[in-house]
Structure formats: C-alpha cells, structure tokens
1. Once you wrap a convex hull around the alpha carbon atoms of region B:385-492, what is its projected area averaged over all directions, in nm²?
2. Say each of residue B:85 and residue A:276 gets a label point 7 Å from the Cα, pointing the same way as Cα to Cβ; how far apart are those two points in nm?
3. What order do you get for A:454, A:499, A:94 when you list them from fewest to most C-beta neighbours inside 10 Å?
4. Once the mean 1/r over all distinct Cα pairs of region B:119-418 is inverted, what Kirkwood radius in angstroms do you read off?
5. On a C-alpha basis, how far is the centre of region A:298-355 from the centre of region B:48-76 in Å? Whole number, if you could?
6. What per residue convex hull volume, in Å³, comes out for region A:18-108 when only alpha-carbon positions are used?
7. Under the rule of at least 5 residues apart or a separate chain, name every residue whose amide H is placed under 5 Å from the amide H of residue B:128.
8. Give the angle, between 0 and 90 degrees and rounded to the nearest 10, that separates the Cα long axis of helix B:277-290 from the longest principal axis of the Cα atoms of chain B.
2 protein chains.
Amino acid sequence: MSKLTRRGVMVLGGALSLAGAAKAQIADTERWGLYEIILDGPKTGNPFTEVSLSAEFRNGAQTVRMPGFYDGDGVYRIRFSPETEGAWQWRTMSNAKALDGRTGGFTARPASGDNHGPVRVTPDGYHFAYADGTPFRQIGTTAYAWAQQSDAQCALTLQTLKTAPFNKIRMCVYANVKAEPIEPFAYTGTRPKDWDAKRFNPAFFRRFEDRVAKLQALGIEADIILYHPYDKVHGYGEMARPDDERYLHYVIARLGAYRNVWWSMANEFDLVKAKTPADWDHIGQFVADSDPHQRLRSIHNCKAFFDNRKPWVTHSSIQNGMSVKDDTRAEIYRSVWEKPVVFDEICYEGKSDLRWGNLTGEEMVSRFWHGLIAGTYVGHGEVLTAENLSPDGGWSGIGGRLLGTSASRLAFLKTVMEAGPKPGVDPVDKWWDRHIGGQAGQYYLRYFGDQMLSEWPLELPKQELSGGEQFRVELIDTWNMKVTPVEGVFTMQKKDGYSFHDPARPVIALPGQPWMAVRIVRV
Amino acid sequence: MSKLTRRGVMVLGGALSLAGAAKAQIADTERWGLYEIILDGPKTGNPFTEVSLSAEFRNGAQTVRMPGFYDGDGVYRIRFSPETEGAWQWRTMSNAKALDGRTGGFTARPASGDNHGPVRVTPDGYHFAYADGTPFRQIGTTAYAWAQQSDAQCALTLQTLKTAPFNKIRMCVYANVKAEPIEPFAYTGTRPKDWDAKRFNPAFFRRFEDRVAKLQALGIEADIILYHPYDKVHGYGEMARPDDERYLHYVIARLGAYRNVWWSMANEFDLVKAKTPADWDHIGQFVADSDPHQRLRSIHNCKAFFDNRKPWVTHSSIQNGMSVKDDTRAEIYRSVWEKPVVFDEICYEGKSDLRWGNLTGEEMVSRFWHGLIAGTYVGHGEVLTAENLSPDGGWSGIGGRLLGTSASRLAFLKTVMEAGPKPGVDPVDKWWDRHIGGQAGQYYLRYFGDQMLSEWPLELPKQELSGGEQFRVELIDTWNMKVTPVEGVFTMQKKDGYSFHDPARPVIALPGQPWMAVRIVRV
C-alpha cells in the first residue's frame, strides 16, 4: 500500500535515503509551482524499463497528462506544474497494479513572490517573457559542469550567482569529463564504459535536480544541456536511439515540472560524431512531443549551424562570438530564422592563449551591447583561474567564483534593459547600418563600441515619427556605468526622406572615450 | 496529319506566322542543346486546358518525360535538352488522337563551342559550375523588364550585354508594369484586368523566349522571375492556385529546355500580398516537381527572408546590400543556409534620392569584392539615366545602355575570379575576422574596401599549412584595375597557434589608397 500525499512532497520517513533529497525540492501548489505525487511500487526486475507510469490532471475542461519516473528503492514520482489556478483532480495510469488508478487532487493557489511562471517566446517572435507577462531580459552565463562538482563547490557557485546579474545558466546533465570520471555516474555501473543505459542512477539525478531547484529559488533559468561531445570516458553521447529516448523521457519526467528549465539538445551538436543532423532533429522533436510543460528548446553549435527554422526549435542558441562584434551581423540571425536569437557562446573572458578564451572584460561587455541593439541576447562565460589552472578550471567549467571584470558591467546593462521597452529592443530601420535598436517612435539606443567619438549626428529613422516629437537624451558610459543626461529636449523634424532630427541641435557631443552609448527616450 | 521533323525546329511553312519566331530559336541536337518536336493538333475549344501532351524520351536505360505546350494556331511543341549524348527515341502521349503515340528519334552529338551545359550547384554545396565542370563565376546583373521592351530596345540591350561582364541577368516574365499596360499581354484579353487566365497569348511568350535564346547565344544565364508585386495593372500575381499551376507548367514546358534558364519564383516575394510563405513553398515545390530539366531555383526577398533551407531552393537569392559591405556579414548567409548565396540585389549604381538607387561605382564594385572573399556571389544593378528619367527608366528597368562606372571594374574582377581556385573562393578560418577568402594552403585574397592602409601584416590562417610553403604576392588595385607583383617569395613559418607568416617579411607595404586587395598564390 502506497503512502500518498497531496502536498508537493511527501517525506517517506527515515528508512529511505532519498528523503533528505526530497526535502530540498521545491514543494508548493502554486500556479507554475511543482506538485508531486509519490507512490510506492515494484522494486524487482528493472522498473526503469518494465514499469510505465503517468497521471492525468484535470481542471474543468483542461486535461494534461504527466509522465512519471522511477526514483529507486520502490519509489515512483509524477511531477506537474499547473498552468492555471484552481482545483485539479488526478488519476494515475500504470501497468503496475500498485501504481494504477490512484486518484487525488489539489488546489493551485495564485503565484506569489518572485514566481512569474516559466519563460516563453513573446508573440512578436523575437523576445522572451515570463508566463505572467513580465519581460525576461536574458543575461546568460555558462558553467558546464558546475552541478556535478562537490557540494561545497556548488554552494560557492550558488553564492556567486546570488549577487551576479545572470538570469540563465547553461549547464550539462552529463558532466564535461575529459579525463577522470566523476561520481556518481548517471547510470548504474562502477566503471566508465561499464554502465547500463537501461538503469539510471537516481542519486545522480537527485543531485542534479537539487541544483536546478536552487537555481529556481534564485530566479535563474537552468538551460539544461542534454548532450555534448566531450565525454570520452563514459560515452553517454554515443547511445542508441532507444536509449536516447529513455534518457530524454526520464529527464523530462524528472525535471520538466521545474518552471526554470530550458532544454538545450546539445552543446556543439556538430562535434558529436555519433549523431547526424537528422538524429538531432529526431531528438528535438521527441522532446517537443514528450514534454507536457513545453519548456524552451534550442541546440548549440560549433562550426555548423542547425536549421533553426525547424518547428521544435523555440529560439536559436548560437556560438559565434564574431557575430556580436557588430550589431548588423547579429541581426542577420533574427531575420533568417525569425525567432529569438541567443548568442550563448561568444568566447570567454580570460587570458588563455587559446583565442576562444582571451576576451577582455571590455570586449565581453561590448558584445552584449552590440547584441542588445541588434534585438538579440548574449551569454557570458569566463575561464579566468586564480591558480593558472587549465581553462576548464574556471567559472565556465566548474563554477565557483567570478574573477573577471565584466559581470558588474552586465549588471549595469541589465538595469538599462529593464528600463527599456517591452518585451525588448528591436533593430530600428534594419539593414541600413543605423546601429540603432529600440522601439520606433519611443525609445532608441545607439552603441558605439570601441569607437572614440567626440560627436554624433543625432538622427532617428523616420519610422513612427511625423515631426514634433520630443525626446530626452542621455550619454551612457557602459564600462564606467554612468548615465549623463544631455541638457534640454530634442524636438524632431524631418531631415530627409529617411531621417528626423532637431535642426537646432543636429549633433551631440561625445567624450571621445570607447564603450559609449546614447539613449533617446520620448518625453 | 501532322508534319513531323526530327530536326530541332521544323519550319511549318509560310502559312503560319510563328514560323519566323521558330527560326530564331536555338535548334540543335547537341548534348544540352534544344530538341523540339512540333505537331499539328486540335485548335478548337481551349487547347491550353483541354489538351494534355507529353513525350517520353529514351536513351538505353534512361527515360525522361517532357511536357508539351500549345503554341497557338493548332501547333503543339515538346522541347527537350538531352543530358547525355547518343541515340534518343521518343513517343508522345496525349488525350488528343492526333498528338498521341507519335514516335521518332534523334542523336545527341557532343557539345561544341561555348556549350558547357546548364549551370548547377557544385558538390561542395557553395558554388556553381556548368554541367561539363567549367566553373561558373557569377557576375550577375538585373534588368527587370528589358525583355518586354521594343525590338529596337532589346537589340540595344543585347548589344550592351555582348561586351559587358555579366553572365547572368535577372528578368521578369510579366513586365514590371506600374502604370501603363504593355502589349502583347501574357494572356488573351484586350484590356488590363480583362484577361483569361486559362488562355495564354503565345505571341507574348514567343517574344520572351526569343530573348532567352539570344541570351544563351551570348553565354548569359536567364534568371527568370516568375512573379513580382509591381503589376497593379494586370494583376497576374493575384491568380488562384490552379491558374498559377497552369502558368508554371506552361512556362516550364516552353522555356525549361533552354540550358541557360534559372527559375526565380519571385522578386520581393514578401511584398506580394496575395501569396503567403506557404503559397511560395507550394510554387517552389511545384516547379521542382514539374521541371524535368531541374533548372536552378531561388526566391528573392524584400524585408523578410524566405526559408532557404527548403529542399527545392537550390541557392539563396538575397536582397540586402548592407550584407556585402563586409565579408563577415555576407558569410553568415552561407553558414545558416548551407547553400550558394547570391546577393542579387545590393542597391543600384545611381544618383537617385532614394537610398536603394544611389551607389557610387566604387561602392558597387566594393560590394562584389566583399562578397567574393566571403565565398558568395553578387549582382549588379544600375538606375542611371541620361535623361533624368525615373529610376525605372535605367538599365535595371528597361535595359539599353550602361552608363555607370562599375561594369568595367566588374569585368576586371571576373578575370581575377577566373584565375582563382575551382570551383570558387571560400572563406578561410571563417568567424575569426580574417577577411580572407580563397583555398587554404593554395590561394588567398584579402580585400580592404575603403580602408586606406600603408601596410598590412601578411598572416595566413594555419589551415593546410605546416611551414616551408612558398607564396608569391600581388597587390590588386580593384578600381584602377592594376596588378602589381610584390618582389620575391614569402616562405611561411608558424607564428603562433593560429597563424603562419614569413618572419623575414612579416609586413607588406600598401599604397594608402582605397579599394586595394592582396592576392597570395602558392608557388
């Protein structure tokens, strides 16, 4: 007889070692929170392959079906994050008698506190917002293997994130193993390459989901990388399709109900030798078909782009740092794929001899600004190490402390973004080398990068202007994080067939320093 | 009883007015030439909709089926351009007794003279070559409505093309009519909007195909634009799908056997209000399915890109002149679509107040060079008019004479391309701002655009270099069309983890002038 609870998490008692882990999970029945059914069931044979389990949740006319998963020691869980408030009833379905036909219910309360729901693509197609409509101004970072490090190291990473500007972090399920295996393994087996793709190791996943839950508590999206090409030790990336599907189903069932989860099919998909673009398309479509919560989906490249027009791709996740050295390059990606663009890897802040790891803080921050005015989003990374370790020892490898100079400037950038138009900045008069992003008629940002200009002709593209509109202008020192108002108001008049300006003040003075921007806001 | 001939074209005798037009056609039975079956058939009812006609051509094991078309006055034609030499037998199929079951044969001789076959995409996926393997170094131009102008004007255009560098011209089937209708109409009917989509006007198409044939004789590809958004008079772009399909079938049957034909589904597809992207996808797939000769296929945009990964798209045809202001922008299009990229509209050389028509000759030529080193191709256009007519009156509207300064420099560029690697120039070490195109280890081009440099550090990306390779270097003044050898030989040695150079000569002198390039060729 299974014990059953209607609370988010049931503590099964001291006899089971997973009780501690369960306590660490987020347990609420808010809208967009995590509700969990816990059931006792068969523990003989191979429950991962022999037992099917799901539950149907009903709220009036709405019915959704959630997959369950086996958590070891005879314990089964079904997780659900309700999209709507109110009373929900559920009924389980299983090929195991003990798990089948169980029923229950709960009430999803209104979301509270910092719970804005999961992040989704906005209706315009190029930005992100939480489900409650709050814009999601992506300032991402990457720490591939932070979640597999020691508890002490993970605590340090979380402590760092608490005060960092980042609201999304890219992180691998399978550790980024180059030489030594990391325990616990993701599957049962005591030696690398000697593991059973049909038997997951719940302890491994319980540890991983604990990190995801703690990120959620910090308001940080977990961009979960499902595969990567780096693990020569375990070879998890070389599984056969049925094993891939079992893995995806398991991860989706375990993690998909956390509202801060995003799915990244792979890091550098084109370097995974065992898989073709058709395999990735299958994996992406499988995730889209299997994930009832419909979390965001992307796939990250090395030298070859994926076809990001594929319907299952919700946004593009790009490695090509050169593309955000200039907004006009970055914008092309928006136009060709007609989806949000996230430049998730743009080289790392660091002092490596390797060119992917030698950005100055200034250059890192500059790429974020170029990306912003292109209407795209950018991700941070850092491979600085206090001890001159290999780059993998730095933040973007194993988390820990941030040692670079960019993060504080990205926090400043975030304040600029948050004060900007909703849902985000779009390029204005694209394809004519304006280098202006914003919202035509209302708000404009011009960013000058490493140019050291002493003046700039303040001209606005004609879109949404008819003459007489008034604007206030500010100079933004993006590196020194200062905003300096330009005195007075600018009144727009038609300059020519394409532009408006204030004939009384056609040019504004700039300080001859790099990393300057101009913000122009309608009065 | 129909008269039947095995020659390419049968002159039916003085009684029929189309004989003259037929004489102007290319008539040979070479490989890749045009073979034509001419048959007499029904002239009552509506032969365009009521009579089906095709022929099966057999050459040993190979069988291909060619569509026929009605040419008016009871005359039917079936055209075929054989891909292989040797003996071909054919048999007709029709629902009209007089046209059904006719048989014949001919021998396709080896190609001769300038007949290199149709242009295709090369196996590497990014370039073009004729069917016999000769690289096709695209230097395109555009004259939308030249083919619908008077015979005298058309003769002038052809005379201009005879000495111009262009080997591809973009041209509309339906004239680019903004105000006045042009006769003959494409369909029967005496007034605009009063025409019958079920009855083509053979005289219109006979005239058009005469232009196509004359371009072929000049070795120029006809990039035929099937639809456009400009004709407010006839509304040919607003037909229903069955009428579209009938039109496409007719044009394919009439023109597809000319080896210089390319299909452009539309100019500025996204401005055609009557059609959605799904409609264009249908049209492109219909052409791919209906054209037994499998001519090249593309679709041209205004502000929204088509999904050029669609299987029926053989190459992308881009309007965005800003993208070839810098090779690193242009290259992105190659990487996202993994197909040849042709920047078919990059603004026009001209002095218009409109920004799409005010390029200097220098800027036009510069865009070609940036495109070249990006591994892409570019198209010319010109709206200069001697008489200060509207821009539509210039070369890119109605053909005639070239008045600009770019064409001669594009001829010079073509000689550089022809002396370059086969099948074309590829970006070397893409995504690292090298601004170098060529063939790694063998051939490099660096282009400086409007930068006026007095020196340049000659560094080559490490790809295909191991040290000891020797290169000769030339300075190319792309505007003044001069090639100046740099004395001696450069012997490469490893400089760092990414580059090679000659330590004895790490920097070369440049003349401090704009529009310079450096060519580096393996000894």
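1. With every direction weighted equally, the projected area is 9.6 nm².
2. Going by the 7 Å Cα→Cβ label model, 3.6 nm.
3. By the 10 Å Cβ count, ascending, the order reads A:454, A:499, A:94.
4. Details: mean 1/r = 0.0522 Å⁻¹.
One over the average 1/r among Cα pairs gives 19.1 Å for region B:119-418.
5. About 49 Å separates the Cα centre of region A:298-355 from the one of region B:48-76.
6. 84 Å³
7. B:122, B:136
8. 70 degrees
The numbers here are math on the coordinates, done by the rules we state, and not lab data. Just so it is clear, the structure is predicted and the values come from calculations on it, not from any experiment. So basically every Cβ, Gly included, is an ideal-geometry build from the backbone, and we count neighbours across all protein chains shown.
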